[in-house]
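Step one of this worksheet: look at the structure below.
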Ligand SMILES: [Zn+2]
């Protein structure tokens, strides 16, 4: 299957909704959590990534998250993020549903972004409920190993979904609604292994839509996909934009 075939599918089957996973951000230097060489293969998620761990020892969890937040804030959008923003600008992409928490779609210029695992945009105080945006949390992290709430002194929790936490209901509802009305769901950089996000392709297919996949390596839905390109997002998506971009007048 070629890039040209994918561009044709996107042109023909509107609206197109994009679902992105960790593979979109690895080219920005952000390590994948769940791959065999990912972070959770080296660090026990129950000790550092679960809501129980955060409740029992938030300082220990922040000892893991603090350097990670630094990596996320220093990362830059890569050609895959930029290509998806341009496809939206050109009218070929209705929205991006992402499992990533790194804000890179937004920073690349995507406007309709549904963050189903939350993001590092804000952190919330479990004590008093006050919410702080990322620049303020980074300031607090300069002063201490964890961000203590300026109002009540408790340790803030980033508004990302921890293991053992429910996904944000509004974002999930919106993602499922988008998947149901999509005539094409384009999956990029996800092996589609994590539910409920992995259920989105079934919503699209169940309402007569089609599935296209750009991913390095197999996914759980290769057999159901109309088109699969085995490649990295940063290589493939800019070529797709090149096919769909109108010729200069
Ligand atoms: Zn507080």
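Applying the set (1) at pLDDT 95 or above; (2) under 21 Å from the mean Cα position of the chain (by Cα); (3) over 27 Å from residue 134 (Cα atoms) to residue 41 leaves exactly one unmet item: (1). The set of residues in the stretch 105-130 that are within 16 Å of the ligand (Cβ to nearest atom) and closer than 25 Å to residue 190 by Cα contains only 122.
The residues of the stretch 11-25 that are in contact with a helix residue (DSSP H, G or I) (Cβ under 7 Å, 6 or more places away or on another chain), part of a helix (DSSP H, G or I) and under 22 Å from residue 198 (Cβ atoms), listed by number, are 23, 24.
Where strands (runs of 3 or more DSSP E) fall wholly inside the stretch 125-232, the ranges with 1 or more residues that are free of Cβ contacts under 8 Å to residues at least 24 places away in the same chain and surrounded by fewer than 19 Cβ atoms within 10 Å (Cβ to Cβ) are 131-133.
The values are calculated or read from the model by the stated rules, or taken from the named source; none is laboratory data. Quick caveat, the model's predicted, so the values are computed rather than measured. Positions of Cβ are generated from backbone atoms using ideal geometry, with glycine treated the same way; all protein chains shown enter the neighbour counts.
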